Amino acid sequence: MKLVLKGHDERYVVEQSLMNLFPGELPVYEPVQPGDDAWAIISLREDDCCRVTVELFWHGKTAAYSCGCRLTGTDFEKEGQRRHAIARGFFLAARQATGVTPPWGMLTGVRPDKPVTWALEKGKTPREAAAMLEEDYFVTPKRAALAAETGSVAVRAARELGPADIAVYAGIPFCPTRCAYCSFVSQSVEKSFSLVPPYVDALIDEIRAGGRMVREQGLRARSFYMGGGTPTTLTADQMDRVLSAFEETFDTAVCDEITVEAGRPDTITAEKLAVLKRHGVSRVSVNPQTMEDHVLRAIGRCHTAADIGRAMELVDAAGFKHVNMDLIAGLPEDTPEGFRRSLDACLSFGTDNVTVHTLALKKGSAILNQGLAIPAPEEVAEMLDYAEPVLRQAGYAPYYLYRQKYMSGSFENIGWCRPGAECWYNVQIMSELCSILSFGAGGSTKMVEPGTNHIQRAFNLKYPLEYIRRPEKWQSNQAEFAAFYNDLKGASN
């Protein structure tokens with residue numbers, strides 16, 4: 001679709017809306033010519049107020065929309081109001097042309113419950129906050145109510161955090177094999193086995209340096225999350241060394257939870273689980289994604305549903321306080337009936353956390369590269385429509401949610417848990433409640449200014465080999481993290 005921007009250069013917000021409203025259309029910034037069958041002209045004019053006008057043509061259908069609003073508050077707040085007005089105008093013109101309202105309306109970001117969280121913090125009730133999503137963002141009532149639930153959990157979590165509280169993440173970018181839906185930097189161990197030992201050494205160096213920096217700044221790590229990839233790809237000894245580095249350099253007395261993604265059942269052993277238990281790990285995740293053997297084969301997994309059952313027996317015997325299982329709705333060769341069987345099987349294990357993801361079509365994944373057939377959006381909706389009432393009836397409630405680009409049906413990922421079993425790291429990172437200090441290749445450190453929406457980011461090198469060879473990059477990231485908190489201290493004095 002050709003996009004002509006007049007009076008502004010808000011490409012990002014328009015492109016995000018384009019992706020959401022016109023799947024398959026790519027943005028082209030060229031003048032509109034006679035005969036073009038897909039274009040939009042988005043104009044912004046400011047005098048006494050902000051005025052947005054949109055003219056849109058899509059495959060024979062014409063639409064137009066105009067709106068205006070007064071800009072108030074700080075320059076940062078006014079910038080957000082402009083973007084909202086532009087997104088609103090484009091959304092309403094697109095809805096005229098297509099006749100389609102996505103489940104999350106005009107919301108395009110990763111965290112659709114953030115506006116709810118802000119509204120609740122300002123004294124709105126959950127019902128009022130949900131109504132705001134429906135009226136201001138055109139979110140369907142069902143999704144608005146869902147956001148009100150998870151937003152309420154975020155507000156509760158925020159009250160438990162002080163200005164010196166942070167979360168810590170350690171990434172293990174290795175897996176037994178690469179799944180068909182994956183586009184992460186994770187590398188299969190069979191192809192990169194030689195990188196694992198030096199990677200562990202480099203990661204431990206970074207964790208120890210980060211722990212010293214955190215203590216010097218007077219910060220407190222309230223949660224620790226080891227993700228991937230598949231952390232249990234490491235040997236028991238390697239995991240012991242990584243967790244020891246965290247224990248020895250961070251004050252674990254104030255760390256409320258330690259989570260490790262056990263992930264793939266073909267990497268789980270009693271010896272590894274004993275190491276995790278000895279280090280006080282309070283939560284492990286076993287992530288089958290499906291309990292259908294033919295779907296497991298389709299996504300490139302080298303294990304069966306029976307292997308998942310055996311792994312869960314080991315986890316249960318180890319006696320972890322919390323256990324999570326992940327499923328994905330919309331995997332290749334899956335059906336609504338198959339998804340139902342998978343969810344029912346997960347619930348039979350008695351896990352207190354279940355995360356229901358919606359398949360995201362990621363660039364670089366085998367699903368796209370090989371053209372694998374996937375369920376239609378209507379079938380994905382049927383899967384999700386089954387999950388919610390079944391989980392609620394079993395005593396689970398939604399406690400965090402997020403979205404990704406190119407999701408089937410433009411739906412969402414939801415973490416469900418029984419009361420008291422929330423993974424607070426997930427809430428902290430998805431609701432951006434505190435800074436996240438990230439270690440490892442591909443790590444994204446996030447610096448959150450308490451009480452504001454101001455966030456800075458610092459990124460580690462993406463690939464394991466370059467991460468191993470260039471420690472000066474993570475060293476500069478940690479220096480930036482320390483400088484951020486020094487600035488906050490200076491501003492408060």
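Gain on full extension, evaluated as 0.36 nm per residue between CYS302 and LEU71 minus their Cα-Cα distance, stands at 77.6 nm.
Taking amide H positions as modeled 1.01 Å from N, with prolines and chain starts lacking one, the residues under 5 Å from LEU71 and 5 or more places away or on another chain are CYS50. Applying 1/(1 + (r/R0)^6) with r as the Cβ-Cβ distance of GLU134 and SER348 and R0 = 35 angstrom yields a FRET efficiency of 0.45. Normalising the average separation of contacting C-alpha pairs (under 8 angstrom, six or more residues apart) by the number of residues puts the relative contact order of the chain at 13 percent. DSSP beta bridges confined to the stretch 314-433 are antiparallel in about 60 percent of cases. Spatial offset of the stretch 429-493 relative to the stretch 307-373 amounts to 31 Å, using the alpha carbon center of each.
May I ask you to derive the FRET efficiency for LYS6 and ALA209 from their Cβ-Cβ distance with R0 = 41 Å, giving the value to the nearest 0.05?
Details: r = 49 Å, r/R0 = 1.21.
Efficiency computed from Cβ-Cβ geometry: 0.25.
On the principal axes of its alpha-carbon atoms, the stretch 287-407 has extents of 42, 30, 24 Å, going from largest to smallest. Projecting the Cα atoms of ILE436, THR452, PRO471 onto the charge dipole of the stretch 436-482, computed from C-beta unit charges around the Cα centre, puts PRO471 farthest toward the positive end.
Between the DSSP loop rule and a limit of at most 14 other Cβ atoms within 10 Å, which trypsin sites (Lys or Arg not before Pro) in the stretch 413-493 are left?
Those that pass, being in a loop and sparsely packed, are LYS462.
For the stretch 106-120, the Karplus equation 6.51 cos²θ - 1.76 cosθ + 1.60, evaluated at θ = phi - 60°, returns couplings of 8, 6, 10, x, 5, 10, x, 8, 4, x, 5, 4, 4, 5, 5 Hz by residue, with Gly and Pro reported as x.
Between LEU488 and GLN475, the distance separating the two model label sites (each 7 Å from Cα on the Cα→Cβ line) works out to 2.5 nm. Cβ distances below 4.7 Å define possible disulfide partners, and in the chain the cysteines left without one are CYS49, CYS50, CYS67, CYS69, CYS175, CYS255, CYS302, CYS346, CYS417, CYS423, CYS434. Applying the Karplus relation 6.51 cos²θ - 1.76 cosθ + 1.60 with θ = phi - 60° to the stretch 285-290 yields 3J(HN,Hα) values of 10, 10, 10, x, 6, 7 Hz, where x marks Gly and Pro.
Using a 1.4 Å probe on the protein chains only, how many percent of the accessible area of the stretch 340-493 belongs to carbon and sulfur? Roughly 53 percent of what the probe reaches on the stretch 340-493 is carbon or sulfur.
Applying the criteria of a DSSP loop state and at most 15 other Cβ atoms within 10 Å to the trypsin sites (Lys or Arg not before Pro) of the stretch 12-89 yields ARG70. Taking the stretch 442-472 and a reference point 7 angstrom along Cα→Cβ of GLN81, the backbone N atoms nearer than 18 Å belong to 453. Backbone phi angles across the stretch 354-364, fed through the Karplus curve with coefficients 6.51, -1.76 and 1.60 (θ = phi - 60°), yield HN-Hα couplings of 9, 9, 9, 8, 9, 4, 10, 7, 9, 4, x Hz in residue order; Gly and Pro are listed as x. Taking amide H as placed 1.01 Å from N in the peptide plane, ASN324 has its amide H under 5 Å from the amide H of VAL284, SER285, VAL286, each at least 5 places away in sequence or on another chain.
Annotation for PHE459 and THR235: the two label points, set 7 Å from Cα along the Cα-Cβ direction, are 3.4 nm apart.
Reachable aspartates and glutamates from LYS142, Cα under 12 Å, same-chain residues fewer than 8 places away excluded? In chain and number order, the partners are GLU134, ASP385, GLU388. Helical runs (DSSP H, four residues minimum) scored at -39500 (n - 2.57) apiece and divided by the length of the chain put the mean residue ellipticity at 222 nm at -13500 deg cm²/dmol.
Each part reduced to its alpha carbon centroid, the stretch 61-92 and the stretch 203-224 end up 42 Å apart. In percent, rounded to a whole number, the relative contact order of the stretch 371-456 is 18, using alpha-carbon pairs under 8 Å and six or more apart.
Determine the per residue accessible area of the chain with all protein chains present and a 1.4 angstrom probe, expressed in square angstrom. Provide the component values of the computation, followed by the final result.
Working: 20990 Å² over 493 residues.
On a per-residue basis, 43 Å².
Distant-in-sequence amide contacts of ALA221, defined by a placed amide H-H separation under 5 Å and a gap of 5 or more residues or a different chain, comprise ILE166, ASP251. How much FRET efficiency would the formula 1/(1 + (r/R0)^6) give for ALA253 and VAL100, where r is the Cβ-Cβ distance and R0 is 60 Å, rounded to 0.05? According to the calculation, E is roughly 0.70.
The values are calculated or read from the model by the stated rules, or taken from the named source; none is laboratory data. The model shown is predicted, which means the values in this text are computed figures rather than measured ones. Ideal geometry is used to build each Cβ from the backbone, glycine not excepted, and the neighbour counts take in all protein chains shown. Protein only, heavy atoms only, side chains kept; ligands, DNA and RNA dropped before computing areas. Shrake-Rupley method; radii C 1.70, N 1.55, O 1.52, S 1.80 Å.
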